[in-house]
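The values are calculated or read from the model by the stated rules, or taken from the named source; none is laboratory data. Treat the numbers as computed from the prediction; the structure is a model and nothing was measured. Positions of Cβ are backbone-derived with ideal geometry, glycine not excepted, and every protein chain shown enters the neighbour counts.
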4 protein chains.
Amino acid sequence: MKIKPKFTTYKKKVRESFERQNFMKLIDAKLIDIQPGYCEIHVPYSSNLTQQHGFFHAGVISTVADNTAGYAAFSLMEEHSSVLTVEFKINLISPGDGELLIGKSNVLKNGRTLTICNSEVYIVKDGNEKLCAAAQLTLIELKNSTDKKLIK
Amino acid sequence: MKIKPKFTTYKKKVRESFERQNFMKLIDAKLIDIQPGYCEIHVPYSSNLTQQHGFFHAGVISTVADNTAGYAAFSLMEEHSSVLTVEFKINLISPGDGELLIGKSNVLKNGRTLTICNSEVYIVKDGNEKLCAAAQLTLIELKNSTDKKLIK
Amino acid sequence: MKIKPKFTTYKKKVRESFERQNFMKLIDAKLIDIQPGYCEIHVPYSSNLTQQHGFFHAGVISTVADNTAGYAAFSLMEEHSSVLTVEFKINLISPGDGELLIGKSNVLKNGRTLTICNSEVYIVKDGNEKLCAAAQLTLIELKNSTDKKLIK
Amino acid sequence: MKIKPKFTTYKKKVRESFERQNFMKLIDAKLIDIQPGYCEIHVPYSSNLTQQHGFFHAGVISTVADNTAGYAAFSLMEEHSSVLTVEFKINLISPGDGELLIGKSNVLKNGRTLTICNSEVYIVKDGNEKLCAAAQLTLIELKNSTDKKLIK
């Protein structure tokens, strides 16, 4: 699939949106790469992010799967659009036992209204990468809407 | 469906497991209620938990949907079992715009190995409750395994 | 949720659409009930519809879950809209071992563009009804489009 | 992922199981290829298989996605196991408008109890192949159980 962004400053737009997400700061997520139809996010291990066995919590893994897809989709949308997740499905394949989570998402189909993405989340332990989770997601493009904080 | 717990101290077991999840402390989640096949978790609004519009992040909403299901399922499992999420699917129905997230999960089917749950997450704004997300989840019971932190 | 159809002849529109689906005839599906935001479809057992154990095939069960949701959603759409399934997730909870499949779907949220439904499929054996599958589905409303056969 | 079948006659076992599924005959599905962790099924167009616009019904598309995954998973299981679909999620990406449906499924993770697969269904029109649907599925291995028709 040839995928071309609709305006030149899409990377800047994605980075600014990512920075507005306070929850990314809370979990110390880093936006590593953004390409047309692709996004990569890393989260280093912290004992704050764990479930009962001391591994990355499924909620953190899901957050990474969702956010990489959101920005992979966002990279292909129009300049004055914002993005929302409609729904996603995730399989938790291996325990999040390691020092780093790596999320990667690719756009499978970029439609006029809906975009479908596949996200994979890897867990790195002692330098070895292993598939931790796989997700399939549906995002919606909201045209002529702001990505910024809404005044309440 | 008549659902009976398999041992008397299931509530204590769920509470202790919840307390071992550091990620619950990080997002300030509170275990409000646990019944056989039912769990309720609340998360008050904090600007730490937001996405780009200043609303609850989808990752927080998904975490609540997943964790309520995990403990609803856990409440029906055997005394020496632990629980893992196999997979889930969530629809984000309304923006997480409000002062409190309320997650409620019910067991739909408690099988020998797999348990199926439905979770609903509500957003409360100015005291009014609204459906924010709905999820369907598959959990697996790991018999004779510990719920505690694994020594590495 | 108070749900009101947008025009008076919605039942007729649903029935005519159902009759245009040849696949419903092939599997002998019957449209039993249509209400605003609700649809019920039955499929009697036939050895044509079976998987390797002689039970209803998961494909038939999924078809029923999908089609009931499609028409539950369609009943709330505008007069000149058509409906498509965006995606669905289904848990196959009990084997389809019985003489009749009963699908029931309810609209959970009827948005401007997207509608979310929950479908339940029951299997009836010796007159006893049992939950066979549960699904959560996303449908899209295509405004000013035809539901009829497209000339190729 | 290196995937090795657990016994030499796995292809024969899959073909015999496929032939026991009467629903495959009804929709004229053909088992085209079976490899360790991979399955391909084709369904030629027939007006019997259509929805209201005259395209392949979503139920047929889902059946293909499910069945390819079932046999991709089955190819890696033990000789005396049978397979059941636990759940699946499918995105319907393009209308099933064409002369042939091609389903392909790959095993993503083959665990002791659960196997996760990704299925893609393509629609062929005038010889051109297009992605029609993508699914993610969870299958369960039932050890020491028969794949044959159960005597009632």
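Looking only at residues of region D:19-31 that are aliphatic (A, V, I, L, M) and in contact (Cβ under 8 Å) with a residue 40 or more places away in the chain, we find that the one that is surrounded by the fewest Cβ atoms within 10 Å (Cβ to Cβ) is D:Leu31.
Just one of the numbered conditions (1) within 14 Å of chain D (Cβ to nearest Cβ); (2) surrounded by fewer than 23 Cβ atoms within 10 Å (Cβ to Cβ) is not true of A:Gly127: (1).
Of the set (1) loosely packed, with under 14 Cβ neighbours inside 10 Å; (2) assigned to a strand (DSSP E or B), all apply to B:Glu16 but (2). Scanning region B:130-152 for residues that are under 19 Å from B:Ser75 (Cβ atoms) and within 14 Å of chain A (Cβ to nearest Cβ) yields B:Ala135, B:Gln136, B:Leu137, B:Thr138, B:Leu139, B:Ile140, B:Leu142, B:Ser145, B:Thr146, B:Asp147, B:Lys148. For region D:77-121, the set of residues classified as hydrophobic (A, V, I, L, M, F, W, C), surrounded by 21 or more Cβ atoms within 10 Å (Cβ to Cβ) and more than 21 Å from A:Leu108 (Cα to Cα) consists of D:Met77, D:Val83, D:Val86, D:Leu114, listed by residue number.
B:Asp147 passes every criterion in (1) surrounded by 15 or more Cβ atoms within 10 Å (Cβ to Cβ); (2) under 19 Å from C:Cys132 (Cα atoms); (3) not aliphatic (A, V, I, L, M) apart from (2). Among the residues making up region C:31-50, those that are in a strand (DSSP E or B) and under 28 Å from C:Gly111 (Cα atoms) are C:Leu31, C:Ile32, C:Asp33, C:Ile34, C:Gln35, C:Tyr38, C:Cys39, C:Glu40, C:Ile41, C:His42.
Taking the conditions (1) facing another protein chain (nearest Cβ under 9 Å); (2) under 15 Å from the mean Cα position of the chain (by Cα) in turn, C:Val14 satisfies each one other than (1). Candidates in region D:35-46 are the residues that are surrounded by fewer than 23 Cβ atoms within 10 Å (Cβ to Cβ) and on the phi < 0 side of the Ramachandran plot; of these, the one that is nearest to the other protein chains (Cβ to nearest Cβ) is D:Ser46. Got a number for residues in region B:22-52 being over 21 Å from B:Lys149 (Cα atoms) and modelled with pLDDT of 95 or more? Going through region B:22-52 one residue at a time, the tally reaches 20. Scanning region C:109-128 for residues that are within 18 Å of the chain's Cα centre (by Cα) and among the charged types (D, E, K, R), we see that the one that is nearest to C:Ile90 (Cα to Cα) is C:Glu120.
Taking the conditions exactly as written (touching a residue at least 40 places away in the same chain (Cβ under 8 Å), more than 21 Å from A:Asn48 (Cα to Cα), in a loop (DSSP other than H, G, I, E, B) and of a type in the set (S, T, N, Q)), does A:Thr115 satisfy them or not? Spelling it out, it is not the case that A:Thr115 is touching a residue at least 40 places away in the same chain (Cβ under 8 Å), more than 21 Å from A:Asn48 (Cα to Cα), in a loop (DSSP other than H, G, I, E, B) and of a type in the set (S, T, N, Q). Residues of region A:64-104 that are part of a strand (DSSP E or B), within 14 Å of chain D (Cβ to nearest Cβ) and either among the β-branched types (Val, Ile, Thr) or in contact with a Cys (Cβ under 6 Å, 6 or more places away or on another chain) (or both): A:Thr85, A:Val86, A:Ile90. In the set (1) within 11 Å of chain B (Cβ to nearest Cβ); (2) β-branched (Val, Ile, Thr); (3) closer than 30 Å to C:Arg112 by Cβ, the condition left unmet by A:Thr113 is number (1).
Of all the listed residues (D:Asp126, D:Asp97), the sole one being of a type in the set (Asp, Glu) and without any contact (Cβ under 8 Å) to a residue 40 or more places away in the chain is D:Asp126.
Comparison of D:Ala73, D:Ala134, D:Ala58 shows that the only residue that is under 11 Å from the mean Cα position of the chain (by Cα), buried (at least 17 other Cβ atoms within 10 Å of the Cβ), under 24 Å from A:Lys89 (Cβ atoms) and among the hydrophobic types (A, V, I, L, M, F, W, C) is D:Ala73. All conditions but one from (1) of a type in the set (Gly, Ala, Ser); (2) outside any loop (DSSP other than H, G, I, E, B); (3) within 11 Å of another protein chain (Cβ to nearest Cβ) apply to C:Gly54; the one that does not is (2).
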